[in-house]
1. Across segment 243-302, what is the number of residues that are farther than 24 Å from residue 349 by Cα and in a loop (DSSP other than H, G, I, E, B)?
2. Checking residue 343 against (1) surrounded by 16 or more Cβ atoms within 10 Å (Cβ to Cβ); (2) farther than 30 Å from residue 238 by Cβ; (3) out of contact with any Asp or Glu (no Cβ under 9 Å at 6 or more places or on another chain); (4) in contact (Cβ under 8 Å) with a residue 60 or more places away in the chain: exactly one of these is not met. Which one?
3. Residues being surrounded by fewer than 20 Cβ atoms within 10 Å (Cβ to Cβ) and out of contact with any Phe, Trp or Tyr (no Cβ under 6 Å at 6 or more places or on another chain): count how many of those fall in segment 380-394.
4. Could you tell me how many of the residues in segment 280-302 are polar (S, T, N, Q) and buried (at least 24 other Cβ atoms within 10 Å of the Cβ)?
5. Tell me, please, whether a residue that is of a type in the set (Val, Ile, Thr) and either at pLDDT 95 or above or in contact with a helix residue (DSSP H, G or I) (Cβ under 7 Å, 6 or more places away or on another chain) (or both) can be found in segment 239-251.
6. So is residue 192 closer than 23 Å to residue 308 by Cα, modelled with pLDDT of 95 or more and of a type in the set (Ser, Thr, Tyr) or not?
7. Identify, from the list 336, 330, 312, 342, the residue that is part of a loop (DSSP other than H, G, I, E, B) and within 26 Å of residue 265 (Cβ to Cβ).
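The values are calculated or read from the model by the stated rules, or taken from the named source; none is laboratory data. Computed from a prediction, not measured in an experiment: that's the story for all the values here. Using ideal geometry, Cβ is built from the backbone for each residue, glycine included, and neighbour counts are taken over all protein chains shown.
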Amino acid sequence: MNKNIKLAVAGAVLALSASANAGIIIPAGEWTLDINGNVNAFANVTKGKGTDTTAAAIGGIATASQSHEDQVMGINTGLLPAWLGFTGKTRQNDLDVEFTISMQPNVSENAAAGDDVTPKNRQAYVSFGDKSWGSVKLGKDIGIFASDAILNDMTLLGVGGDAKASGNKTTLGGIGTGYIYAAWKGQVAYTTPNFNGFQATIGITNPNQNASSAVQTLYQDRFGLEGKASYSFSGDVASGKLWVSGASYDVTYGSSGASYTASVADVGLNVNAGNLGLTGYYYSGEGVGTTVFGNLAADSNGVKRDSDGGYAQVTYVLPTKTKIGLAYGASNLDRATSSDTAVINKNERITLGLYHPITKHLNLVAEYNDIESRVHNGNKGESTTGSLGAILFF
């Protein structure tokens, strides 16, 4: 994992310094190699409430009751995929040079042989720079917009929403119930030096050209623009981070040919005081949809829908070193027109989680998630999920 993800995960584990160890460090001539990652798996039991399946078909996250069974069970990777990363760093010609390549194999599919899983490759980038003027990154990495939302979500170490079955996909965590997925994007990005805690990143990204029934076809004739700025602080009483980010894409809607600019912005704050941690986050966008960028972003005529949402989270580390967390998140999607009623209105989630370290690398995780999905026409779906598993970092 890259440095930002490693630091965020380390903080989410327990906010203990022992959890922030680097991976397997190997000196290799002028290079320092770091082999790092995680393995995780969770047993999930999901029970739908009621029999309505409409919400799930038009953007809902809750799992409806099944006609042939009372509940759905699965063994699955959580929100954070199983990870194997390779990072190399060196200092040459007054430049800090780094590369990262990673792959994510995840837990097996429910096929006959149990091995029908194609590993994902979420990172492949090179960066160079110096602390005096900043750094440049070229390649594939987590998106700039909304990346801090997912990296500060406590369910990053667990399951969160959409855990209804096993397979080669990760669960959703708080994606779609509090924030839009940052995704993994080809990008060229510049990050400023750290000015006493303040730092900013701006970049161009590959435009997302989606072509599925849920994520309408979006033809984009320019690079996406994404950026963020943050301020990290530390004092005797509290430490934390304040951030803002945004994104803009030029979209031509596939089915109608309508053109518009999709734009979104967010703000977030994480504060830690002793064993107590607080996180608040909010986003608002036009034509970006919900859950993933472009999902239900416009109606069939290309009239874009507004959306917003956020989450609030409180955690506390008990004397046993167990972290207990409670979170509420919601994502809202407005109608494009007054007659646009057969589309999701709100996905909301309540999460109660326990995260306990067995060793400085291995953590047991137990979560309970309650999800509700409401449609503009009044239909709704509800489901609850209990999860128990473990996550190992190296």
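1. 11
2. Result: residue 343 passes all but (3).
3. Going through segment 380-394, the residues surrounded by fewer than 20 Cβ atoms within 10 Å (Cβ to Cβ) turn out to be 384, 386, 388, 390, 392, 394.
In the following step, the residues that additionally are out of contact with any Phe, Trp or Tyr (no Cβ under 6 Å at 6 or more places or on another chain) were identified as 384, 388, 390, 392, 394.
The qualifying residues number 5.
4. Number of matching residues: 2.
5. Looking for residues that are of a type in the set (Val, Ile, Thr) and either at pLDDT 95 or above or in contact with a helix residue (DSSP H, G or I) (Cβ under 7 Å, 6 or more places away or on another chain) (or both), one finds at least one in segment 239-251, hence yes.
6. Against the criterion (closer than 23 Å to residue 308 by Cα, modelled with pLDDT of 95 or more and of a type in the set (Ser, Thr, Tyr)), residue 192 does not qualify.
7. Just one listed residue meets the conditions, 336.
Table: residues versus (1) of a type in the set (Lys, Arg); (2) over 25 Å from residue 179 (Cα atoms); (3) assigned to a strand (DSSP E or B).
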| position | (1), (2), (3) |
| --- | --- |
| 346 | yes, no, yes |
| 352 | no, no, yes |
| 367 | no, no, yes |
| 372 | no, no, yes |
| 377 | no, no, no |
| 382 | no, no, yes |
| 387 | no, no, yes |
